[in-house]
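**Q** Once you've had a glance at the structure underneath, I'll fire off some questions.
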Protein chains: 2
Amino acid sequence: MPQERSSNIRWHEGLVSRSDRQNLLAQRGVTLWMTGLSGAGKSTIACLLERDLIQRGRLCYRLDGDNIRHGLNQNLGFSPEDRTENIRRIGEVARLFTDAGVIVIASFISPYQRDRQAVRQSMPQGDFVEIYIKATLAAAESRDPKGLYKKARAGQITGFTGIDDPYEIPDKAEIVLDTEQLTPEAAAQTVIQYLQARGYFSPAAVDGETSGSDR
Amino acid sequence: MPQERSSNIRWHEGLVSRSDRQNLLAQRGVTLWMTGLSGAGKSTIACLLERDLIQRGRLCYRLDGDNIRHGLNQNLGFSPEDRTENIRRIGEVARLFTDAGVIVIASFISPYQRDRQAVRQSMPQGDFVEIYIKATLAAAESRDPKGLYKKARAGQITGFTGIDDPYEIPDKAEIVLDTEQLTPEAAAQTVIQYLQARGYFSPAAVDGETSGSDR
């Protein structure tokens with residue numbers, strides 16, 4: 001009588017918890033949210049950090065414009081509403097990955113404080129680690145890895161962060177990485193040390209402290 | 001000279017590949033897409049399958065209405081366009097998780113063939129395994145675990161799949177689980193055996209065959 005047996009089994013919350021997944025992975029899920037100007041060094045640090053984490057046997061996954069703007073958010077533009085919806089959806093995806101036990105490396109300009117704050121507030125304490133990739137506009141513009149500042153200055157791109165759209169500096173980032181002072185390798189190591197010191201490389205509960213000596 | 005060193009390092013594709021993640025997890029990422037009527041048994045089988053996979057040390061993650069409709073897709077309703085966008089976004093999230101090396105258990109009515117097909121086509125061969133959770137409308141309606149058929153029959157819900165909105169039966173599901181014939185436990189085991197037989201429990205390449213004896 002499969003039907004009767006089936007009707008006796010119903011779990012809304014499931015039979016597996018986040019901590020089961022974290023025990024399996026021997027780590028804690030977390031979203032490392034890298035914010036900063038175009039050219040500040042987000043992608044470079046994200047790639048190095050990803051490599052270092054995998055080498056240490058930690059499961060991580062990188063979310064960035066390449067895999068989000070051409071996929072999940074392909075139906076969004078760059079209006080203020082679309083920018084907000086862009087970050088909201090990325091935040092929701094990061095939240096799911098974090099719940100899955102994965103270390104998420106999210107690398108987005110994400111210029112508005114309010115949008116970043118909304119992502120932070122959607123997650124439990126300790127799940128969202130904001131990392132400000134700090135560089136002056138002059139430094140970022142002088143690097144101009146994609147030639148976008150040049151286009152923005154020439155008026156070929158409008159609404160470009162730092163030129164004719166604001167970048168709001170985080171006021172409570174857990175980690176600040178000044179890429180005019182640190183090499184990308186050292187910046188990635190700073191994040192690794194933060195995770196290590198706070199117990200993210202073990203499935204046990206994490207120190208709820210989200211501000212401290214790394215600021 | 002951190003700035004100069006930084007400018008020499010730039011990777012668009014990253015330093016880590018999907019196969020690095022799969023080697024770490026000793027499994028291959030895949031999306032198990034469960035489709036079927038409300039009351040067909042999707043959630044019950046999904047929960048059992050999730051438990052069995054975790055017990056075997058396989059990292060899996062369940063996507064369902066509970067964690068998607070209240071989060072990523074909270075700004076979508078039930079119009080035909082919104083249903084399509086709902087499935088599109090879920091497909092994109094499943095694709096990211098699969099790329100991360102995770103076994104995704106996606107459990108959604110997903111009534112339209114076209115929408116499921118679009119998700120399948122967005123993924124490499126072997127990454128999308130469609131699982132038809134088969135039950136007659138009469139059987140599903142007699143179970144009515146959430147009392148939704150009753151409300152739909154009373155006209156309190158409109159556009160309800162099976163009542164006044166169509167369910168399009170998959171015509172090329174890799175796995176068909178008839179919940180009037182199989183217990184939920186046996187159904188979950190059928191999926192485990194499918195994954196095992198096709199090499200998903202190893203990081204090596206998977207047999208590209210997506211139709212076969214399980215149909």
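The values are calculated or read from the model by the stated rules, or taken from the named source; none is laboratory data. The model shown is predicted, which means the values in this text are computed figures rather than measured ones. No Cβ is skipped: glycine too gets one built from the backbone with ideal geometry, and neighbour counts run over all protein chains shown. We work out accessible area using only protein heavy atoms, side chains counted, and drop any ligands, DNA or RNA first. Shrake-Rupley method; radii C 1.70, N 1.55, O 1.52, S 1.80 Å.
**Q** Hey, how many Å between the Cα centroid of the range A:98-139 and the Cα centroid of the range B:60-124?
**A** Going from one Cα centre to the other spans 24 Å.
**Q** Here's a follow-up. Would you pull out the residues with amide H under 5 Å of residue A:128's amide H, same chain only if 5 or more places away, H placed 1.01 Å from N?
**A** For residue A:128, the qualifying residues are A:31.
**Q** May I ask you to report, in nm to one decimal and beginning with the shortest, the distances from residue A:181 to the same position in the other copies, taking label points 7 Å along Cα-to-Cβ?
**A** Taking the point 7 Å beyond Cα along Cα→Cβ, the inter-copy spacings are 6.8 nm.
**Q** So, for the protein assembly as shown, what is the accessible surface per residue at a probe of 1.4 Å, expressed in square angstrom?
**A** On the way: 17890 Å² over 430 residues.
Accessible area per residue: 42 Å².
**Q** A further question on this structure: Once you average over the residues of B:90-98, how many Cβ atoms of partner chains fall within 10 Å of each Cβ?
**A** Numbers: counts 1, 2, 9, 7, 0, 3, 9, 6, 0.
Other-chain Cβ atoms within 10 Å of each residue's Cβ, averaged: 4.
**Q** Suppose you put the label 7 Å out from Cα in the Cβ direction; list, shortest first and in nm with one decimal, how far residue A:71 is from each other copy's label.
**A** Ordered by distance, the counterparts are at 1.5 nm.
**Q** Share of the protein assembly as shown's accessible area from carbon and sulfur, percent, 1.4 Å? Intermediate values should be presented prior to the final figure.
**A** Values: 8670 of 17890 Å².
Roughly 48 percent of what the probe reaches on the protein assembly as shown is carbon or sulfur.
**Q** To one decimal in nm, how far is residue A:145 from the same spot in the other copies, if labels go 7 Å from Cα toward Cβ? Please give the shortest first.
**A** In nanometres, ordered from closest: 4.6.
**Q** Net charge near residue A:54, counting Lys/Arg +1 and Asp/Glu -1 over other residues with Cβ under 10 Å of its Cβ?
**A** Values: positive: A:51, A:56, A:58, B:21; negative: A:50, A:52, B:20.
Net of charged neighbours comes to +1.
**Q** Same structure again: Run the dipole for the protein assembly as shown about the Cα centre, Lys and Arg Cβ at +1, Asp and Glu Cβ at -1, nothing else charged, and hand back the magnitude in debye, nearest 20. If you can, show how the numbers build up before the last one.
**A** Working: 54 positive and 56 negative charges, 48 e Å.
The dipole of the protein assembly as shown has a size of about 240 debye.
**Q** While we're looking at this one, here's another question. At what distance in angstrom do the alpha carbon centres of the range A:161-206 and the range A:13-58 lie from each other?
**A** Rounded to whole Å, the Cα centres lie 12 Å apart.
**Q** Another question about this same structure. Order the peptides A:164-171, B:167-174, B:23-30 from the highest to the lowest mean number of other Cβ atoms within 10 Å of their residues. List each step's numbers first, then the result.
**A** Numbers: A:164-171: 14.5, B:167-174: 16.9, B:23-30: 21.1.
Those peptides, ordered most packed to least, come out B:23-30, B:167-174, A:164-171.
**Q** Per the Kirkwood treatment, what hydrodynamic radius in Å, one decimal, follows for chain A from the mean inverse distance over all distinct Cα pairs?
**A** Working: mean 1/r = 0.0543 Å⁻¹.
Kirkwood radius, chain A: 18.4 Å.
**Q** Turning to a different aspect of this structure: Take chain A, connect every pair of alpha-carbon atoms lying under 10 Å apart with a spring to form a Gaussian network, then pick out the residue of A:92, A:185, A:13 with the largest mean-square fluctuation.
**A** Maximum fluctuation in the GNM of chain A, among the listed residues, is at A:13.
**Q** On to the next question. Count charges around residue B:80 for me, please; just the other residues with Cβ under 11 Å from its Cβ, Lys/Arg as +1, Asp/Glu as -1.
**A** Net of charged neighbours comes to -3.
**Q** Please build a GNM for chain A, connecting alpha carbons under 10 Å apart, and tell me which residue among A:133, A:163, A:105 fluctuates the most.
**A** Maximum among the listed residues: A:163.
**Q** Another one. Okay, helix-only estimate at 222 nm for chain A: each DSSP H run of n ≥ 4 adds -39500 (n - 2.57), divide by all residues, round to 500 deg cm²/dmol; what do you get?
**A** On the way: 8 runs with 84 residues, N = 215.
That calculation yields -11500 deg cm²/dmol at 222 nm.
**Q** With θ taken as phi - 60° and the coefficients 6.51, -1.76 and 1.60, list the Karplus ³J(HN,Hα) couplings across the range B:100-106 in order, rounded to whole Hz; mark glycine and proline as x.
**A** 6, x, 8, 8, 8, 10, 9
**Q** Across all directions of projection, what mean area in square nanometres is found for the Cα convex hull of the protein assembly as shown? Write out the running numbers ahead of the final one.
**A** Values: hull surface 83.8 nm².
Over all viewing directions, the protein assembly as shown projects a mean Cα-hull area of 20.9 nm².
**Q** Moving on. With a 10 Å cut-off between alpha carbons and a GNM built on chain B, which of B:136, B:44, B:158 moves the most?
**A** Checking each option, the largest mean-square fluctuation is seen for B:158.
**Q** Same structure, new question: Pick out, from B:126, B:102, B:188, the residue whose Cα sits farthest towards the positive end of the charge dipole of chain B, with +1 on the Cβ of Lys and Arg and -1 on the Cβ of Asp and Glu.
**A** B:102
**Q** Skipping prolines and chain starts, which residues have an amide H placed within reach, meaning under 5 Å, of the one on residue A:61, given they are 5 or more residues away or on another chain?
**A** So residue A:61 has HN proximity to A:103, A:104, A:105.
**Q** Using only the Cα atoms, what convex hull volume per residue in Å³ does the range A:13-139 have?
**A** Working: hull volume 15.2 nm³, N = 127.
Taking the convex hull of the Cα positions in the range A:13-139, it is 119 Å³ per residue.
**Q** For the pair A and B, how large is the buried accessible area, both sides, in square angstrom to the nearest 100, if the probe is 1.4 Å?
**A** Working: alone 11370 and 11360 Å², together 17890 Å².
Protein heavy atoms only, the A-B interface buries about 4800 Å².
**Q** Please report, in cubic angstrom per residue, the volume enclosed by the convex hull of the alpha-carbon atoms of the range B:94-162.
**A** On the way: hull volume 7.8 nm³, N = 69.
Hull volume over Cα atoms, normalised by residue count, gives 113 Å³.
**Q** Right, something else. Name the chain A residue nearest the rotation axis between A and B, going by Cβ position, and give the distance in whole Å.
**A** A:93, 3
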